[in-house]
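S.K.: Here it is, the structure, as structure tokens.
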Amino acid sequence: MHYKRVSEYQLTDSVEGKTVLTKYFLVKSQVKVFNGSEDIEVPSYGIEISEEIFLNEMLIRKLVDRVMHVSPYMEKVEELLRYFKDMSVSPLHLCDIIDDNYYKYVDDYDEYIKICKIAI
């Protein structure tokens, strides 16, 4: 699966003498969506969260999780990404929180395809 990082936010925190660097990435890829007669490739935005834990400037643990296909609308996913950063969401909790918010995004791909049909 090919994707690229489109934007990034960072948080640095100190917990029990350890430095925790958390990075929040907006990632872009492509997904095929069936429009009733054929598969159409549309842009797809997702979220990647990376957490690195350092002790005395030495990396002791790294966690990464990503959810690739949240919505074809970059602005919606960017807003969700900023919310996750503000709430200090860790990679361990990304999938659980996305599952709780899934209903807000599930129809975006169908809506996007309808707009593409009108534009053609």
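Quick note: the coordinates plus some simple rules give every number you see, no bench work behind them. Quick caveat, the model's predicted, so the values are computed rather than measured. Heads up, the Cβs are rebuilt from the backbone with ideal geometry, glycines too, and the neighbour counts pull from every protein chain shown.
S.K.: Under the rule that an exposed site lies in a DSSP loop and has at most 11 other Cβ atoms within 10 Å, name the longest stretch of the chain with no GluC sites (Glu not before Pro) of that kind, not counting the sites themselves.
M.R.: The segment 58-120 is the longest one with no such site.
S.K.: Let me ask another. Give me the mean projected area, in nm² to one decimal, of the convex hull enclosing the Cα positions of the range 22-84.
M.R.: One quarter of the hull surface, i.e. the mean projection, equals 5.0 nm².
S.K.: Taking amide H positions as placed in the peptide plane 1.01 Å from N, state which residues far from V6 in sequence (5 or more) or on other chains have amide H under 5 Å from it.
M.R.: Sorted by chain and number, the residues that satisfy this are L26, V27, K28.
S.K.: One-quarter of the Cα convex hull surface for the chain, in nm²?
M.R.: Projected over every direction and averaged, the Cα hull of the chain covers 8.4 nm².
S.K.: Kindly put D13, D108 in sequence by how many other C-beta atoms sit within 10 Å of each C-beta, fewest to most.
M.R.: D13, D108
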